[in-house]
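Take a look at the structure below.
None of the figures in this text is laboratory data; all of them are computed from the coordinates on show. For clarity, every value in this text was computed on a predicted model and none was experimentally measured. Cβ placement follows ideal geometry from the backbone for every residue including glycine, while neighbour counts extend to all protein chains displayed.
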Amino acid sequence: MADDGTTTDSTGTSTDERAWQSTACILCSINCGIEVRLGGEDGRRFERIRGDKAHPTSQGYTCEKALRLDHYQNGRHRLTSPLRRRPDGTYEEVDWDTAIAEVAARLGDVAAEHGGESILYYGGGGQGNHLGGGYGRATRAAFGSTWISNALAQEKTGEFWVDGQLFGRPRCHTTGEWDEAEVLVFVGKNPWQSHGFPRARTVLKAVANDPERAMVVIDPRRTETAELADVHLQVKPGTDAWCLGALLAVLVEEGLLAKGWLAEHANGLDEVSAAAGPVPIAGWCAIAGVAEQDVRAAARRIAAATGGVSIFEDLGIQQAPNSILSSYLEKLLYLLTGNFGVPGGMNIHTRFASLAGGSGSVRTSPVTGAKVITGLIPSAVLPDEILTDHPDRFRALIVESSNPVHSLPDSPRWREAMAALDFSVVIDVALTETGRCADYVLPAASQFEKWEATFFTLEFPANAFHLRRPLLDPLPGTLPEAEIHARLVRASGALAADADALDELRTAADQGRAAYLDAFLKVNGERPHLGPFASYVLYETLGPSLGDAAQAAAVWGLAQTTMLTFPASVQRAGFGDGEALFQAILDTPSGVVFTVDEFEDTWRRMDTPDGKVNLAVDEMLAAFAALFDADPPASDPAFPIVLSAGERRSSTANTIYRDPGWRKKDPAGALRLSVADAAALGLADGDAARVTTRSGSAVATVEVTDTLQAGHASLPNGFGVGEPGDSLGVAPNELTSAADRDALAGTPFHKHVPARIERAEPQPA
């Protein structure tokens, strides 16, 4: 036995080491590779968790949150049987055959009476749970459902729209070279807690300790990242656009533009310069509450960088006033300084599956006429698309691995909307707040009980994809989403006339995947209506030949598509064709680098008519011009505090963590108040305070902090989940309003909620 307590077998291999299994954390978009050692009486407990050194991007890194994943796998509220809602609102367990038959029949009835377009699909995969969601498209096709929404529609659609205007298509999404950039800029972003790129804390500390590199943070709170920054522009809440505008104006006024680069690579410089030139820099700095000398210092440091500037915007501006305008101005910072398509700068990355598709054309939703960017209806308008007598209203809802009743603005109105639907079904691992409002709940296997992946493949120049193997068998009574969707498609009868084609593909699969590829292309050429059913077809026909990896059948199709879309980049990664890539994905439990880019690839991926960046976006220039006469968000005397609803902290994560026992500190999710506001209100650490907004009221425990400025407070994400009367902390969206949202993108202002705070009596335990 070694000193650390491990033992070795006859070959000298540590039995402790042999027990570790590769998987990934599922708590943020990065999905760091981890290794898990199982134990406990039933062998299903996560006894130990550590970073996976073989993972190509995280390389052994993990934050403290991943180490608590047993509380997800073995947490409360797990479901092990389909549930059907009784007339009195309670639930009864039913068997799978009954549940599938009845759900398919109810969806079919809605489609027959009102058209499939009256069925809304929300979700399609929670954090790191994307593979199962990929099979949902077939279910949508089976019942004619054409409208979708998900969490991106309350976060990123504004940014995607701006990408489309600048670079040609929303899918031209950019990412920074965080390890290499000389200057890192974070706008409404605290990567110390929310990450956003691999090994975030390691990178941040490296930049902070390197005198040749620099960090600029724009954030109303002095975050952990801001503490490390060379320049922290601590803006007043809601004034980011004025601060960003002042930065751009400094670039123009001081002649800090990359004019040679811009002449070669961009159009519209004159229009942008004309817009920014008249900005009263001192005045706009005063509006934003930041020192002019700090703004000028930040602009000069960005412009002076010769090793690239990488900029990350996040929810701090994307869920605040002027959100889409702030996204545009943020991108102009790196474009006007020539930090696009260069080492250390922003580049257009590859993707294993598209998260922001579409040509850039924008539809409108059927009832409210909201802009539908990248095919996603803004989440904030969905109750209004249901609670109406409009003939085109949504009548049925399919929710998958999502919890809109808890995670979207105005939870009370969402509960009202759920009650007004003709039919609703939720597919999830637990009985969520949304599940408690649904007609049926179908229990999915956990993320560690099935083949799974994330499609947040956002790195440049080397991009990685990680197909995770199951660590455990599914709990009895649960099914992976791939199987749930397959059963719904079968029950719908949508492909009954194509049984011969499916048999042809099964026969080809038995002959090997080369034969299968030929047959798949032939069948889909002859029967184009099978296109939307591709994931189901692959699962049913290729899946059996993959044995235990049947759920990964859709990955085979994505590997072929990736090869066709990015052939040179895939080949640089070492794969001659899609089949070789797929096999490597199957064979490598810690993930593979699937593309390796050159900086010229960014320009090849542009989709503007002349291949140049379109700097002058008419809608955004008009919005920018409006700032000159606009008043910054003013406090309402009745609601004088700006509440940031959903702050990410070391003790918080998304609500797939439903077991409060994972939190070692801040178990109740404290209301953070500034020193000045706490003194004015007569509140101290541990006191109870009532938070009241235009939408609701809740009581929270106070934490006084000097990281917030006067007039700014915050509540964390991840709280308020559980059964009625058995939830801990404040559910933030009991306090938010769907009406407060960006006029173009529809993204809600979660980070800017007018509130009133008063002393309250402590709540009973």
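For the reader, a short list of remarks on this structure follows.
- Ranking of Ser145, Ser81 by count of other Cβ atoms within 10 Å, fewest first: Ser81, Ser145
- All aspartates and glutamates inside 15 Å of Lys205 as judged from Cα atoms, apart from same-chain residues fewer than 8 positions distant: Asp179, Glu180, Glu182, Glu224, Glu227, Asp230
- If both residues of a DSSP beta bridge must be in segment 294-438, then about 35% of such bridges are antiparallel.
- Within straight-line cross-link reach of Lys664, aspartates and glutamates at Cα separation under 13 Å, skipping those fewer than 8 residues along the same chain: Glu64
- In Hz, Karplus ³J(HN,Hα) per residue of segment 467-472 (6.51, -1.76, 1.60; θ = phi - 60°; x = Gly, Pro): 8, 8, 7, x, 8, 9
- Computed E for Arg690/Ala286 - FRET, C-beta separation, R0 51 angstrom, nearest 0.05: 0.95
- Where labels lie 7 Å past Cα in the beta-carbon direction, separation of Asp500 and Glu117 in nm: 3.3 nm
- Couplings for segment 367-381, taken from phi via the Karplus curve 6.51 cos²θ - 1.76 cosθ + 1.60 with θ = phi - 60°, read 9, 8, x, 5, 5, 9, 8, 6, x, 10, 5, x, 4, 5, 8 Hz in order; Gly and Pro are left as x.
- Taking Cβ atoms as reference points and 13 Å as the exclusive limit, the residues near Arg301 contribute a net charge of -2, counting Lys and Arg as +1 and Asp and Glu as -1.
- Listed by chain and number, the lysines placed with their C-alpha closer than 16 angstrom to that of Lys156 are Lys189, Lys331, Lys371, Lys751; residues fewer than eight positions away on the same chain are left out.
- Stretchable slack from Thr202 to Thr80, in nm (0.36 nm times residue separation minus alpha-carbon distance): 39.9 nm
- Segment 641-759 - Rg over Rh from alpha carbon coordinates, Kirkwood radius: 0.96
- For segment 685-765, size of Cβ-based charge dipole, Lys and Arg +1, Asp and Glu -1, in debye: 340 debye
- Stokes-Einstein diffusion coefficient of segment 376-511, Kirkwood radius over Cα pairs, 20 °C, 1.002 mPa s, in µm²/s: 120 µm²/s
- Exposure proxy ranking for Asp597, Asp439, Asp666, Asp518, based on other Cβ atoms within 10 angstrom of each Cβ and starting from the fewest, stands as Asp518, Asp666, Asp439, Asp597.
- Listed from fewest to most Cβ neighbours within 10 Å, the set Lys450, Lys665, Lys53 follows the order Lys665, Lys53, Lys450.
- DSSP finds beta bridges in segment 641-759, and of those with both partners inside it, around 65 percent are antiparallel.
- Length released on extending from Asn209 to Thr90, taking residue separation times 0.36 nm less the Cα-Cα span: 37.1 nm
- Given the chain, longest segment not containing exposed loop GluC sites (Glu not before Pro) (DSSP; at most 16 other Cβ within 10 Å): 255-597
- Gyration tensor (Cα) of the chain, equivalent ellipsoid semi-axes in angstrom: 39, 32, 28
- Other-chain or far-sequence residues with amide H under 5 Å of Ser695's (modelled H): none
- Put a plus charge on the Cβ of each Lys and Arg, a minus charge on the Cβ of each Asp and Glu, and nothing anywhere else: the dipole of the chain about its Cα centre is then about 460 debye.
- Structure-based [θ]222 nm, the chain - -39500 (n - 2.57) summed over DSSP H runs of at least 4, per residue, nearest 500: -9000 deg cm²/dmol
- Dimensionless Rg over Rh [segment 15-73; C-alpha; Kirkwood]: 0.96
- Positive contributions from Lys and Arg (+1) and negative ones from Asp and Glu (-1), summed over other residues with Cβ under 13 Å from the Cβ of Leu269, come out at -1.
- Added length on full extension, which subtracts the Cα-Cα distance from 0.36 nm per residue, Thr306 to Arg48: 88.5 nm
- Beta bridges from DSSP with both residues in the chain: antiparallel share about 50 percent, rounded to the nearest 5.
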